[in-house]
Structures are given as structure tokens and as C-alpha cells.
Amino acid sequence: MSELFPIPQTLAARAHVDQPTYRRRYAESLRTTEDFWEEEAAFIDWIRPFREVSDTSFDPADLRIRWFADGTLNASVNCIDRHLPAKADRPAILWEGDRPGESRTVTWAELADQVNRLANVLRGLGVAKGDVVTIYMPVIPEAIVAMMACVRIGAVHSVVFSGFSAEALADRIRDAGARVVITADEGLRGGRVVPLKRNADRAVAAAGGVDHVIVAARTGARVPLTPGRDIRWGAALALADPWCPPAEVGADDPLFVLYTSGSTGRPKGLVHATGGYLVQVGTSWRTIFDWHEGDVFWCTADIGWVTAHSYKIYGPLLNGATSVLFEGIPTFPDHARWWSVIEKHRVAIFYTAPTAIRSLMREGEAPVLRHDLSSLRVLGSVGEPINPDAWRWLHRVVGGGRCPIVDTYWQTETGSVLLVPIPGAVPNKPGAAGKPYFGICPVVMDSAGRPVAGAGRGSLCFAGSWPAQARTILNDHDRFIRTYFAPFPDHYFTGDGVERDRDGYYRITGRIDDVLNVSGHRLGTVELESTLASHPAVAEAAVVGIPHEIKGQAIFAFVTLKSGHPESGTLRAALVALMRERIGPIATPEAILWAPALPKNRAGKILRRVLARIAAGNYDDLGDTTTLADPEAVDEIVRRHRASL
Ligand code: WTA
């Protein structure tokens, strides 16, 4: 496990950051953090330069996260306008549709034109600085146009994953108070149609408060439009003025909201601020992927996740880079789809997730080897720890043994990568998320809340702020403080367990809160449980994660039924359907076990730890069961689980 892969010579020779530079600059960046970020901030075109770099405190009684606060800027100018003089007719986006053969190239000039027009449409609808616009779209160029149009006028985008259900969308529209929703007629994924407009209509009806829905054409299907409310993208943009003056936005004004799951029922809308986010995302993107002018970049994440926000959209746009935007899935129409896209566009940097690699590994090497992947130089991984087997396969088969893998550790909350083996600077160790990024100070805390010195295990925290850090949870600042800053005062707490080895590499050991990581997507157990419990036949439910070969973790549900409701296959199917309907297909349980009673402690708290061990078949090692109120409940569940195998 501790094998070290040396940095390829050809890469090191021209890397932005080499080994000695990393050591020197990292040490400096911790000593004089403000100076470091002040220099990085020169990457951004400011309207009014900032005077104060930062004002930060992680004291829960006096939480302050301010970066470049008195500076002003516009995000879309930094992402688009400033590249126009040199690159107007060069490609910004290489779009590949769900089906091979369907593709589009969007130049910087075309992107600018669409963004300006849509920004004017939004302004015309009364969207003002600070208003939230919800975006529920497939992975098409229009989604990026929508995000950029919002920030051009200082509005705040809230992108909701298009795989989420109407109900999940309604919750997020309501929480954000969005008055405008941007969607498409339909989405396409793996040849299947996703009824986006229909979902949006239901969500808008349920949420209330939405005045307008803008509908882009993806499939061209005839979808019902509500007169006075719904607007066709194409018609509206055709009539709009092609120049929209950019709004002057304060560095600490919000750029976007992005929802993620936490350990309580309600999803959290993390709020990111404009200046700090753009400074850190723009500069770190170039550094951690070692991007050079001319390199084609491809990140496979869906636009609904933070990975896409920071490193598929903002990072490449801020740097004027050409990137691939792929609508489909890796297995459609066959298992070689990704590899054919890499070959077609001569992709140099490919950023993906372990779960996808594990599913493609099963198909063997042949689909990869049929394609010329010699353009690849750097590979990236994100979302969950990459198991060494998947790491080696990605390295050897996809990367031909010559591409370093940047295993990037970060979160929706952190906005930007915090731990990473920078490709020219830190030799790879399979399964380890490398070393801290500049200015980042990781702390391993023991269970007593004391920092571990040197090698050891504990809770992963960070001391000191960084510019791309989220500023709050929308409408719930107390929860923000409670969740991230109260557990270990003066530190940011990630919710992850970690192990630091003697060489200073960090290995993430998994979530230590009630959050599951299914195929790289975060799902809160409480959210899943309350959905199950909302079924009229269900008295109570408990959800745990079980190890899964492809997904990393899968959902295992223990369900107690109300008396008079018999256990049946039909009911099981109804519960699965309920989860898919309420949350989305990613919430599909792998297994449901009927439990006459759930194990609880005397205070009535469900002992999920015990259930997780049962679900994994570790009956002989249930941990501390002395606090159980009803030990027989466990015996019965073990018996049933055994019988179900
Ligand atoms: C996990 C995704 C190990 C971790 C950017 C974290 C990882 C959560 C890695 C955040 C990695 C993400 N190695 N674990 N390289 N990257 N995680 O908010 O548990 O969707 O807390 O952000 O994913 O997920 P999120």
C-alpha cells in the first residue's frame, strides 16, 4: 500500500509546480497565508481592488469568513469577456451528446453572446442582484450559459441535479425562494428520456412563489407551456439585446448556492462567495491538473455537483481553457464511450470518479485498448477514496502507466481542493489523497479533541480559513456553525475520518457522521429514513451503508411495519419506488430487511453502528451492545438477515 509512483520526468520538466517549489511555497504559504492569497488574487480582474485580504475566525462564538471583502468584480467577465480578444473564435466547449454523433462546438464568442442575451432576459423578468435562480438542466451548453447569465447580473445560481425528483427540486426551490426556474424540455441519459419540464412543473406547483420558467430545447419534444409563466429559451434569446453590462459585485456577495445532504433531514444550501471562490478555484484548477495552454480538459461530473461547479465549469472558464462537456453515461451505447471521446478530442486531462472506474474495470481492458489515449497526461479522481485496485487499473490501463493520478479530496463546503498530490510535485501513493494544497493546514484530531502529532488517525479538521470556503448555509447560519465549527473549536470539521502516514500523506477513511457516500454522492441517513417512514405502512426505519463493489457504499434499510401491515414483496417494491420518486434514482435501496423492532439505546437512539455490522454480515463483532434497551431485537434481526442471504 505504501508503494510510491515517481513523478514522470517529462511532466516534471514543465510542470507549474515541481517538488522543491511545492515544499518551499507550501511552507511559505502557511507562514504568510495572507501574502500567498494576495498574490493569487492577481489572477482575477477586479473592478475595484481589495485593500483587506482577509478577516477570519473559526471561533464558534465569533465566526468570521471574509476574503477580499472590499473588492468588487464580475464573475462572467472573468470567465468569458477577458478571453474574447485572443480566443473569440476558438472552442470554449466541446459538447458530446448522449448519442455518439451528436456534438456541438461552442466558441467563446458564441458563449458570450448567449450569456449576454439570457442575462438580459433574466433582467427583463425582474431578476435582480442577490436573487436566486434555480437551474434544473441536462448537461448541455445551455446549462453553463444559464449559470453565467445569472452571475453576469449578480444573481445567485442554484443548480439542482437533473436526476433529482420533482419533490427534491420543490424543496430546493422553496428553500432558496427562487422566482425563476430554468429547465429544458427533456433530458437524455443512456438513451432514456428524463421528463425535466414535467418534473419542473410539478415542483413549481408544489413549491409556489415561481413567476417564470425558462425552457431550453434539448430533445425538441412538445411540452406544455403555461401562458404568462413559461418562456421558450430560443424565442426569448432571439429577441434579447446581445450586450448586457456586467453587474459590479462585492467579493463576499454570494456567487451560488449548492445543496448537499447532511446528517439531519433537510438538505443544506451551502452559500459560496464570489471573490474568494474565483481566486482559489481558478488558480488551483490550473495547478492541480497542471493545465497548459492548448490542453483539452474533461471532467465527467454532472453539473449538479460541486465537482462540476469548481473544476468543470469555473476552473476551465476562468483560465480560458477548452473543455469537453459530455451529456451521457460511460456505458452507453457501449463500454468504450468515454475512451472514444478522449480519442476524438485528444483530451489531455481527465477527471473522474472511482465508482465509474470500478464499473468500467469489470468490462476488461479491451474497450480501452481499442482507442488511442496517448493524448492523456494527467488523470484525476474525486468523490470518495479510490481503492488501490481501481487506482492501478486507471493508472496502467487508461493512463498507459505514464499519467499521475491527482486524487483530490474536498467537499461542497470547501469549494476547492484541500488535499491533493500536485502532479509535478508529489509522487503518487495509490489510495492516498496526497498532501495539503497551498495555504491549507490539515489537523488530525483524536477522540479527545487533541491534535495528533505526526503519523496517526482521527477526525479530519482544518485550522485557518481559505478563500473558497462556503460562508454559510442558506437560511440556517446556526446550523453552519453547529455542524462545522462547534465540534472542534477554532477548527473546521469535515465529517471525515483520516489517517496520516509518516511521509505526511493523508488517506481518507470514510465519513464519521450519519452520511452515506453512494457512487460518490452524499446521502443523509435521516433524509432516507424519513422518506421511508412517510409510507403509511411504515412505523420506523433505519438506514446504513454497506460496502458495494461498484458504488463504494450502498443503501441498506431496516424497516419496522405498523401492525396490520403484512410484509410483502409488493410493499418492498412500493418503498423502493417511493425513494426513487421522492429523492431520485440514486436513493434506490440495495436491500430492505423487515425488522420487528430496531435496536436502540435506553435514550431511544437507534444504534446504526450495530445495524451496519449486521448488514455487512459481521454478526460476531457487533461492537459495544451493553447500552441496548432490547437485546432480543438484535438477535431477531441477525436471524432474519442470515435467512435473507
Ligand atoms: C468524500 C465532492 C476520499 C468525503 C468534491 C467528503 C473523498 C465528501 C474524496 C464530499 C477523495 C470526496 N478521497 N474521500 N478524493 N473526495 N470525498 O460534498 O467523504 O459531494 O467529505 O464533494 O466526499 O462530497 P461532496
Problem set entry | Amide N of the range 473-502 lying under 18 Å from the label point, which is placed 7 angstrom from the Cα of A448 along Cα→Cβ | 488-489
Seminar exercise, completed: So, with points 7 Å from each Cα along the Cβ direction, the T21-R396 label distance in nm works out to 3.2
Exercise. How high is the FRET efficiency from S563 to T625, r the C-beta distance, R0 22 Å, rounded to 0.05?
Worked result: 0.25
Exercise. How far apart, in nm, are two points set 7 Å out from the Cα along the Cα-to-Cβ line at I512 and at C441?
Worked result: 2.0
Exercise. Which ordering of C299, C150 is given by a fewest-first count of other beta-carbon atoms within 10 Å?
Worked result: C299, C150
Problem set entry | Cα-based shape type of the range 229-370, given that a ≥ b ≥ c are square roots of the gyration tensor eigenvalues and the cut on a/c is 1.5 | prolate
For this session: Quick one: check the C-alpha center-to-center distance for the range 347-384 versus the range 560-606, whole angstrom.
Result: 36
For this session: Note down the net charge around P423, summing +1 for each Lys or Arg and -1 for each Asp or Glu among other residues with Cβ under 9 Å from its Cβ.
Result: 0
Exercise. Under a point-charge model restricted to the Cβ atoms of Lys and Arg (+1) and Asp and Glu (-1), what is the dipole moment magnitude of the chain relative to its Cα centre, in debye to the nearest 20?
Worked result: 820
Exercise. For the range 65-193, what is the percent of antiparallel DSSP beta bridges, rounded to the nearest 5?
Worked result: 45
Seminar exercise, completed: To the nearest 20 debye, the range 43-95 has a Cα-centred charge dipole, built from +1 on Lys and Arg Cβ and -1 on Asp and Glu Cβ, of 260
For this session: Write out the trypsin sites (Lys or Arg not before Pro) in the range 569-609 meeting two conditions: DSSP loop, and at most 13 other Cβ atoms within 10 Å of their Cβ.
Result: R602, K605
For this session: Can you figure out the FRET efficiency of E34 with A88, using R₀ = 41 Å and their beta-carbon distance, to the nearest 0.05?
Result: 0.65
For this session: Quote the FRET efficiency, to the nearest 0.05, computed for R192 versus D389 with a Förster distance R0 of 22 Å and r equal to the Cβ-Cβ distance.
Result: 0.15
For this session: Starting from the Cα gyration tensor of the chain, take the square roots of the eigenvalues, sort them a ≥ b ≥ c, and report rounded, prolate or oblate (rounded when a/c is under 1.5, otherwise prolate if a/b is larger than b/c, else oblate).
Result: rounded
Exercise. Modelled label-to-label distance, D55 and D241, 7 Å Cα→beta-carbon offset: nm?
Worked result: 3.6
Seminar exercise, completed: A correct fewest-to-most ranking of T570, T107, T588, T408 by other Cβ atoms within 10 Å would be T570, T588, T107, T408
Problem set entry | Qualifying trypsin sites (Lys or Arg not before Pro) in the range 419-514, DSSP loop, other Cβ atoms within 10 Å at most 14 | R502
For this session: For every helix of n ≥ 4 consecutive DSSP H residues, a contribution of -39,500 (n - 2.57) applies; sum these over the chain, divide by its total residues, and give [θ] at 222 nm rounded to the nearest 500 deg cm²/dmol.
Result: -8500 deg cm²/dmol
Problem set entry | Neighbour-count ranking [beta-carbon atoms within 10 angstrom, fewest first] of S644, S103 | S644, S103
Problem set entry | Set of the range 222-244 residues, backbone N closer than 18 Å to the point 7 Å along the Cα-Cβ line of E102 | 222-223, 233-234
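We did not get these values from a lab; they are worked out from the coordinates using the rules stated. All values derive from a computational prediction rather than experimental measurement. When we count neighbours, we look across all protein chains shown, and the Cβ atoms used for this are built from the backbone with ideal geometry, even at glycine.
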